[in-house]
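The values are calculated or read from the model by the stated rules, or taken from the named source; none is laboratory data. Please read all numbers here as calculations on a predicted model, not as lab measurements. Please note: Cβ atoms are built from the backbone with ideal geometry, for glycine as well, and neighbour counts cover all protein chains shown. The protein model used for the area step is the full one, side chains on, heavy atoms only, and it has no ligands, DNA or RNA in it. Shrake-Rupley method; radii C 1.70, N 1.55, O 1.52, S 1.80 Å.
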Amino acid sequence: MTVYIDLENLLKEKNISKNKLCEACKLQRTQLNNYCKNKVTRVDLSILGKMCEFLDCTPNDILKLR
């Protein structure tokens with residue numbers, strides 16, 4: 001099994017723009033794009049926590065198993 005990041009779909013479901021998420025979580029756009037494109041090799045738990053808090057979700061909504 002492989003863990004992948006399904007952030008882009010969650011943003012679409014919740015109708016939240018990447019810009020809003022960047023502002024709320026104090027992320028750089030490049031950093032967020034890496035999460036959205038599943039190009040992150042090590043997930044920063046503090047960033048994951050900020051995203052979950054803003055999106056009102058759990059890590060299971062962002063991290064999926066393949």
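For the subset of the stretch 54-66 comprising residues that are in a helix (DSSP H, G or I) and open to solvent by less than 50 Å² (accessible area, probe 1.4 Å), which member is nearest to Leu21 (Cα to Cα)? Give the steps one after another, and end with the answer.
Applying the first criterion (in a helix (DSSP H, G or I)) to the stretch 54-66 yields 54-55, 59-62.
Filter again for open to solvent by less than 50 Å² (accessible area, probe 1.4 Å), leaving 55, 62.
On the way: Leu55: 8, Ile62: 14 Å.
Result: Leu55.
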Residue tally, condition of a type in the set (A, V, I, L, M) and part of a loop (DSSP other than H, G, I, E, B), over the stretch 13-32 | 2
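Which residue out of Lys37, Lys26 is farther than 18 Å from Val3 by Cα and among the charged types (D, E, K, R)?
On the way: Lys37 fails: farther than 18 Å from Val3 by Cα.
Going through Lys37, Lys26 in turn, the sole match is Lys26.
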Scanning the stretch 33-53 for residues that are touching a residue at least 24 places away in the same chain (Cβ under 8 Å) and outside any loop (DSSP other than H, G, I, E, B), which turns out surrounded by the most Cβ atoms within 10 Å (Cβ to Cβ)?
-> Met51
